[in-house]
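Quick note: the coordinates plus some simple rules give every number you see, no bench work behind them. As the structure is a computational prediction, the values presented were derived from the model and not from experiment. Cβ coordinates were reconstructed from backbone atoms using ideal geometry, including for glycine residues, and neighbour counts include every protein chain displayed.
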């Protein structure tokens, strides 16, 4: 009896030691839209917002489409690589498992998604922010069953959280008259609506363990090729840019308010508006040849919206600010990532990380355009 009791005590002690010594790696959980999507929408069979056609991914890995809405890496990819955080796997990736989550984190970003549930409805399938939070709840359930509540709490509280949403709430909602929000609100009341919703979402994430959280602001979205080509002059649409600036100002204040209100919260706002705007104003100063049209285009047919197999590419993708009508190129994403790292003072986290895809090597374009 005494021997049996001793064995039980030894087993309990060893087991407890194993739990206590669990290596709580710092990973990243990403909530976002097409600027951060790394494959979720490509697995939504009914979605109209997919990066599944050539020439998406031409400068990444094997050069085949991988779900990223650019020629290479996303801003989140680059920030993670430069700060020692492994690249999170897409939530819908078939490889997703408890071990993968514990080692790499999860990316819930979805092309066409927004802060609001109604945003991007024309795309049929996409994950809104509330849906992404629901998916994160499922991930938490998986991890708690794997390592227990106490270690799970440590894991989720040490993780980094990125929220990069908002552009679709304007471009694919408020600025389109087919959406009720476009006539229900004015500029100021709509931004109030977005802040109220985003504040509630970030508070939910705090309740789920998010302590280190970064919300990325909007760039000069009135200058994306799609907005330019829809204007009569071909110039940036200043109303759209003004909305981006108002959104950024309101979001910055929200981050300060939540950091002061929520226990142990370090909620930061990352603003890269100025650096992108500077490139648009003087591309050559920053090594770009073009800052107003897409590298991947369908000849004179504009807007083509996405790259298609018949699209022609620019001669040097590293010289174009925009990859398609909506999204920045890999080179632009690296510039944005560097600006955010500098402004937010990112530290280097893990001593080692997963093997990242290298920067593009300026592969030749498949056309002589």
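If you look at the Cα atoms of region 31-84, you get an Rg and a Dmax of 11.1, 35 Å.
Highest mean packing first, where packing is the average number of other Cβ atoms within 10 Å per residue, the peptides 32-39, 115-122 line up as 32-39, 115-122.
With the highest mean first, a sort of the peptides 334-341, 243-250, 135-142 on other beta-carbon atoms found within 10 angstrom per residue produces 334-341, 243-250, 135-142. A simple spin-label model places pseudo-atoms 7 Å from Cα toward Cβ; at residue 233 and residue 312 they are separated by 2.9 nm. Could you identify which residue out of 149, 104, 277 has the top mean-square fluctuation in a GNM of the chain using Cα springs shorter than 10 Å? Per the Cα network of the chain with a 10 Å cutoff, 149 tops the list.
Looking at the P(r) of region 264-351, how many percent of alpha-carbon pairs lie beyond 16 Å? Percentage above 16 Å: 59. Each 5 Å bin from zero up to the one holding the largest Cα-Cα distance in region 32-174 carries the following percent of pairs: 2, 10, 18, 22, 21, 14, 9, 3, 1, 0. Averaging the sequence gap over all C-alpha pairs within less than 8 Å and six or more residues apart, then dividing by the number of residues, gives the chain a relative contact order of 19 percent. Spin-label model, residue 289 to residue 342: label points 7 Å out along the Cα-to-beta-carbon direction sit 2.5 nm apart.
Stretched out straight at 0.36 nm per residue, the stretch from residue 97 to residue 192 would grow longer than its current Cα-Cα span by 30.4 nm. The antiparallel fraction among DSSP beta bridges confined to the chain stands at about 15%. Helix-only arithmetic for the chain: the sum of -39500 (n - 2.57) across DSSP H runs with n ≥ 4, divided by the residue total, places the mean residue ellipticity at 222 nm at -12000 deg cm²/dmol.
Packing-based ranking of 174-187, 72-85, 218-231, 293-306 yields 72-85, 218-231, 293-306, 174-187, ordered from highest to lowest mean Cβ neighbour count within 10 Å.
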